[in-house]
Every structure is written in C-alpha cells, then in structure tokens.
Amino acid sequence: MEIIVLHSLIVLREVGLTFADHICFENFSAELHAGDRVGLIGPNGSGKTSLLKLLAGEAAAGDSDNAAHIDGAIQRPPNLRVARSKQFPPREIAGQSGGEIFQSEFARALREDPDVLLLDEPDNHLDEGHRARLIRRLRDFPGSLVVASHKPELLRTLCTKLWVFEERPASSARASARYRLRIFHGDYDAYRQEREIEERAHSAEFLELRSRERSIKSEQERELRRAASSRRANRGENDRNLRRGMQERASRTKGKHGRRTAAARTRLQQDIVEHRECASHRRVPRFRFNFIPEDSRRRNGNSAIATVRSGSAGFQADERTIFAPLSFTLRAGESLGIRGNNGAGKSTLLAALRSAPGIYRQGEWHVPQASQDGFARIAWIDQFFAQLQPERTVLEEIMSVQPGWTHSRAREHLNDALFSTNAEIARRVADLSGGERARLSFARIAARPPRLLLLDEINNHLDLESRSTVIEALQNFARAGGAFVIASHDVDFLRALGLTSELRVFRRRPPRDSDAD
C-alpha cells in the first residue's frame, strides 16, 4: 500500500487579523502542504492581500506600517523559502506597461527559488498570450502555490483547494469579523456548484417563510372580521350586562390570539430579514456623476471632445516611437476601447492624450485641458492609481477635488462608494486594497466629472459585483454627455460597455516565451 506523507510547510492556528477600523477575519486554522495549489477568493477589501503578507512573514503584531493586530500562531520551518509577487510594485518603471512590470516582479519572485510562491492578482495586466504562458509556468512550478484572484480561468486551471472569504450579514458582522474565512476542499467549479445549491436552498426557504407570513396575515384578517361580525350581532341585544360580558370575553380571546399572531409575525419577519441578508447581503457601490451640465450634449452639439490626426507618440528619454500614425475623433456620449498585447502602446496612447510628462507627441492632438468652464475637462485612472496620494485619507481625496463640499456632503458621496464609517473614511490610501482604490478613484471622478475620461485596465482590481457597477457607471457617464477612452485586455468587459468604436494596437514584434521569465 502506498503511503502519502503530507509535509506541512505553513501552519495557521486560530489566526485573526484586526485593523484599526474592523476585524478582517478571526479564528482561521489551516495547513499549507508541499505541492498544494490554493486559491484565495473573496470581495474587494476582504483581506486577501493581508493574508498573503501573513503567509510571507511580512506582517507582525503591532506593525505600524499596516496598523494591524494579529492573533493566533503561524508556524513555518526556519529554512522555508517564501516569495511573494506583489499586486502593486514599489514604483512604476518608465516605459514599461503594466504587463511588463508584472513580468519583472514575477521573475524576481522566481529567482528566489521559493518553496512557497504567493501571487496577488497575477494575471491582472497580462494579455491573452502572456496569461497562457503564466499558467503554463505555474503548472510546472514544483513548490506550493497560493494565488489570490477574481479570475475564474486562473482559479479553475490551477487550484485544487480554496480559502474563501465570505462576507457575513451586517447584523452578524457588527459584533465579530466582517468576513468568515473557510476552507473548501475542491476546485473552483465544484465551489460554484455548491454556492448555487446553497443559493437555491436559501431562495426556497425564503419563499416558504413568505408563504407562512401570508397565512398568518390571512388568519389575523379572519379574526378581525369575526370580531366585527360579533359586534354587529350584539347591537340587537337589549340586555346590557349580557352584551358587556360577551364583549369582554371576545376582547380577551382576541387579545390572546392577537398577541400570539403578532409574536409569530415578528419571528417570521426576523427570519425573513436574516435570510435576505444571507442571500443578498453584499453592498455594491453606486457612482452618481455630479456637475455634468445637463445641457452639455446640446451645448456642444456634435463638436469633437477629442481629435487626433496622423498622431504618433513615444518616450522623450529615448525618442522611441511607440505607435504611428493614428487618427480618430471622439464626441460627447461616445466611447473608444483600446485593445492590444502587452507593450503595444495602450498606456502610452492614454498618457499622450493627457499630455503626461515624459511623452512626446507628433501630428494633431486636440484634447481638453486640465480644467475649464468651472468643471473638470479631462481626468484619468491609470493601472496603479497614481492619481491617489498614498498619505491622504479617503475623505481628504474627495475633498481635494471638491474643497467646497461640506463634511456631510462628502460623507454622503463616499457612502455610495462603500466608505461609510468614520474609520473607513479615515483610512490612508496606502492601506487600501486594489479594489478599494478603484472605488475611491471612481468616487473622485464622480465628484467632479470631466468631459473626457481616460481609463487604463481599471477592471483588473474589481470583483464581480463592482465590475457590474463600473459598467453601469460608465454607461451613465456617456449618457450624461461625457466621453471616455478605455484600455483593457478583457474582451467581455469591453463588449459589456457597449463601446461606440474600438482601436487595436499591435506590438512590432511578437512576445517570446522568455518575456514572462
């Protein structure tokens, strides 16, 4: 008989993580064995990156950099080699695309020859070809792998076990951790199947509760009608004492029955609320665009918001031309999608449209200036959210674009972006997750909408719920008279936006397998 020995590389015993403003998770116990392929899944801001830091030994109790407190015990052999590929590199490298920056970060992690490789959204910035090469490399990786991702393809292909962050109902989360972290022994498809079965069971139980509520309500209405009929019958009685006695008995009976019925209804309503929270407790962000003039489309008519004729652009440092020639016109309510492989020039084109430092332009470029006419004319969100200042708080970021707003007005706006508590709006940008930075970036745009919005791979950091909200927000932005240009590798995301035009850019040479090394 063959005996399989599982070596525990990292052991977590009742581990909990508490930030200044909330308990992230608590009492989580797990073991990472040699050869394990673990997927971390959960909503934006649930704690995936923080857990990866704990596994890497980068966070310690009382660490002032992350303002976190860690409970429980984490055990690992002293000679264990652990490498983590970060979601946000220490600095943006001039002249490199997001995909190229990740490849450098991934290569650095592999050079450490790790026993355990920790990856945080590894395929965020990769085109289809590089994504396939990454998956091949990870399949061949001999050590243990823990990968945090929102992408079903990556989870389905690589992971045989999942550590799942599940958000608790608001009524439960007030007194304990916001998320429950549990282990699912199986692949991603099996997990999704289990979730669908659970959701169907919740729906069936909810319908049964509603049916019982209607039955109790009908019974109460019948009792009221019977009591009313009894009162009418008693009006013909001449004997006041008899009538009074009957009324007293009816009142006592009605009171007892009414109290029982009311108590039953209260219990049912509580059950219904709890089931609603369990089935649909996730809050989703809402972005309402303020100060876009309602008559902007009419005032501007069909005039162009942005026009490029025979345009080319590149980097001033080496006078390298990235693309040429290029011509397009974008009007109010229109949208342009940019597709292309890593290094083809998508980010460079967006940088040229906003006249970014270090970029030269040739040809005709007619684009809005930074601000004019009392509202923003052009704004952008890049791949690494460089427009956010790391040391600012969430509230300070909103006040920086709307300094005239009252504190309560800013709070109301941030609440739509799911920053609702005092602690949440006081958090530094540096302490936010990728998804939280994306939400804050959109909240800034919504607070002072531009005529032209430039977006570079903004869907990379979004969970499924936030992704749907961003699609709806951009569609509303265009309907309000704005225009946007968006670069993305995600064809489904671009298709869902209903773009009015699309541009393909190509790298001059095909990428080699060694590019991902």
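Descriptive notes on the structure:
- Flag for HIS407 being open to solvent by 40 Å² or more (accessible area, probe 1.4 Å), in contact with a helix residue (DSSP H, G or I) (Cβ under 9 Å, 6 or more places away or on another chain) and at pLDDT 90 or above: yes
- Restricting attention to region 26-59, the residues that are open to solvent by less than 30 Å² (accessible area, probe 1.4 Å), in contact with a Gly (Cβ under 8 Å, 6 or more places away or on another chain) and farther than 26 Å from ARG81 by Cβ total 3.
- For region 320-365, taking the residues that are among the aliphatic types (A, V, I, L, M) and in a strand (DSSP E or B), the one that is most open to solvent (accessible area, probe 1.4 Å) is identified as ALA324.
- In this structure, GLN369 does not satisfy being in contact (Cβ under 8 Å) with a residue 60 or more places away in the chain and not in a helix (DSSP H, G or I).
- Any chance ALA306 is at pLDDT 90 or above and open to solvent by less than 60 Å² (accessible area, probe 1.4 Å): yes
- Some residue of region 139-146 being within 22 Å of the chain's Cα centre (by Cα) and under 23 Å from GLU58 (Cα atoms): yes
- Taking first residues from region 453-476 that are farther than 23 Å from ALA332 by Cα and open to solvent by less than 10 Å² (accessible area, probe 1.4 Å) and partners that are outside any helix (DSSP H, G or I) and of a type in the set (Val, Ile, Thr), the Cβ contacts under 8 Å between residues at least 6 apart in sequence or on separate chains come to SER466/VAL284.
- Residue list for region 421-461, restricted to those being in a loop (DSSP other than H, G, I, E, B) and among the β-branched types (Val, Ile, Thr): THR421
- Filter result for ALA61 (more than 27 Å from SER488 (Cα to Cα) and modelled with pLDDT under 85): yes
- Close pairs from region 339-359: first within 14 Å of LEU126 (Cβ to Cβ), partner open to solvent by less than 10 Å² (accessible area, probe 1.4 Å) and β-branched (Val, Ile, Thr), Cβ under 6 Å, at least 6 apart: LYS346/ILE338
- Restricting LEU388, LEU414, LEU418 to residues that are open to solvent by less than 50 Å² (accessible area, probe 1.4 Å), part of a loop (DSSP other than H, G, I, E, B) and within 14 Å of PHE287 (Cβ to Cβ) narrows the list to LEU418.
- Residue match in region 424-447 (condition: of a type in the set (S, T, N, Q), over 28 Å from VAL505 (Cα atoms) and crowded, with 16+ Cβ neighbours inside 10 Å): yes
- Selected residue [open to solvent by 40 Å² or more (accessible area, probe 1.4 Å) and modelled with pLDDT under 90] from GLU14, GLU2: GLU2
- Among the numbered conditions (1) over 21 Å from ILE359 (Cβ atoms); (2) modelled with pLDDT of 85 or more, the only one that SER327 does not meet is (1).
- Scoring ARG180 on the criteria (1) surrounded by fewer than 17 Cβ atoms within 10 Å (Cβ to Cβ); (2) in contact with a strand residue (DSSP E or B) (Cβ under 7 Å, 6 or more places away or on another chain); (3) farther than 23 Å from LYS86 by Cβ; (4) in contact (Cβ under 8 Å) with a residue 24 or more places away in the chain leaves a single failure, condition (1).
The values are calculated or read from the model by the stated rules, or taken from the named source; none is laboratory data. None of the values given here were measured: they were computed from a predicted structure. A quick note on method: Cβ atoms are made from the backbone with ideal geometry, for glycine too, and the neighbour counts reach across all protein chains shown. With ligands, DNA and RNA removed, areas are computed over all heavy atoms of the protein, side chains included. Shrake-Rupley method; radii C 1.70, N 1.55, O 1.52, S 1.80 Å.
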